[in-house]
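Asks: Okay, handing you the structure first.
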Amino acid sequence: EFDKWLLQAGFQARRVSYYDIRLVGLHVDLLGQRVADVGRPFTYGDALLDARWYLKAGTRGNVAARTRIGTASMDGSPFPPFVIDSYVNVRGVGDRVARGTQEWTLNAEYRHTTDWLQTRPEEPVVQLVALVDATAWQPVDSDAALESVVYAGAGARLHLRRFFNLILRADIGIGLNEPNAGVVVGLGQFF
């Protein structure tokens, strides 16, 4: 049992326009925090920048890109904050593959809207996705070399307009620098 204090600050800028299911614009989140134990020498701080960019491509395409840059001070903490995971930053890599004190991730997608199921405006819409995810991280041991993975793949999105614009997502990612692959299923766009 111990007491601690937390100082947290954030900034968000969202300039995203919706064109039906396609997006155009920029979304930036910046978060910083500092944690300290009262009466103990342990302190911890981290900062994370998450920036997303969207662009229309032709009449049916949408290009989406995201970068996550994070760093943390690990003064005595055994819990590094940045995790390499299929649901956070690299589709197909698996569940909590690694943790680190620094992270730099790049995600890119091309989303192509089809009219396969849509006969009326309220009917479901299918999007096909081509994707590339790459990340590098610093393991807890600061003397260790940076580690990195790159995954490429494809996916599909089913936009269910009748259910409050619910999006069902399925992606497959295949490792380009390691022999590994995985399927990720979720709700909403990956980013």
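Asks: Please give the strands (runs of 3 or more DSSP E) falling wholly within the stretch 1-107 in which 2 or more residues are out of contact with any Lys or Arg (no Cβ under 7 Å at 6 or more places or on another chain). Give the steps one after another, and end with the answer.
Replies: Numbers: elements: 4-19, 22-37, 43-57, 61-73, 82-84, 98-100.
In the stretch 1-107, the matching strands (runs of 3 or more DSSP E) lie at 4-19, 22-37, 43-57, 61-73, 98-100.
Asks: Let me ask something additional. Test each condition in (1) surrounded by fewer than 18 Cβ atoms within 10 Å (Cβ to Cβ); (2) within 18 Å of HIS112 (Cβ to Cβ); (3) not hydrophobic (A, V, I, L, M, F, W, C) for GLN127 and report the one that comes out false.
Replies: Unmet for GLN127, out of (1) surrounded by fewer than 18 Cβ atoms within 10 Å (Cβ to Cβ); (2) within 18 Å of HIS112 (Cβ to Cβ); (3) not hydrophobic (A, V, I, L, M, F, W, C): (1).
Asks: Still on this structure: Which of the residues belonging to the stretch 130-147 are surrounded by 15 or more Cβ atoms within 10 Å (Cβ to Cβ) and either among the charged types (D, E, K, R) or in a strand (DSSP E or B) (or both)?
Replies: Across the stretch 130-147, the qualifying residues are LEU131, VAL132, ASP133, ALA134, THR135, ALA136, TRP137, GLN138.
Asks: Now for a separate question. Among the hydroxyl-bearing types (Ser, Thr, Tyr) and exposed (fewer than 14 other Cβ atoms within 10 Å of the Cβ): which single residue out of THR59, THR67 fits that description? Explain how you work it out, then say what you get.
Replies: Values: THR67 fails: exposed (fewer than 14 other Cβ atoms within 10 Å of the Cβ).
Result: THR59 is the single residue among THR59, THR67 that is among the hydroxyl-bearing types (Ser, Thr, Tyr) and exposed (fewer than 14 other Cβ atoms within 10 Å of the Cβ).
Asks: Let me ask you something else. Just checking, how many residues over the stretch 68-85 are under 21 Å from VAL132 (Cα atoms) and either in contact with a Gly (Cβ under 6 Å, 6 or more places away or on another chain) or without any contact (Cβ under 8 Å) to a residue 12 or more places away in the chain (or both)? Show your work before the answer.
Replies: Our first condition is that a residue be under 21 Å from VAL132 (Cα atoms); within the stretch 68-85, this holds for 68-70, 82-85.
In the following step, the residues that additionally are either in contact with a Gly (Cβ under 6 Å, 6 or more places away or on another chain) or without any contact (Cβ under 8 Å) to a residue 12 or more places away in the chain (or both) were identified as 82.
Residues meeting the conditions: 1.
Asks: Only one of THR113, THR105 is buried (at least 16 other Cβ atoms within 10 Å of the Cβ) and either touching a Phe, Trp or Tyr at 6+ places or on another chain (Cβ under 8 Å) or under 21 Å from ALA47 (Cα atoms) (or both); which? Explain how you work it out, then say what you get.
Replies: Details: THR113 fails: either touching a Phe, Trp or Tyr at 6+ places or on another chain (Cβ under 8 Å) or under 21 Å from ALA47 (Cα atoms) (or both).
Just one listed residue meets the conditions, THR105.
Bear in mind that the values in this text are calculations on the coordinates, not laboratory data. Since the structure is predicted, the reported quantities are computational estimates derived from the model, not experimental observations. Cβ sites come from the backbone with ideal geometry, for glycine too, and all protein chains shown count toward neighbours.
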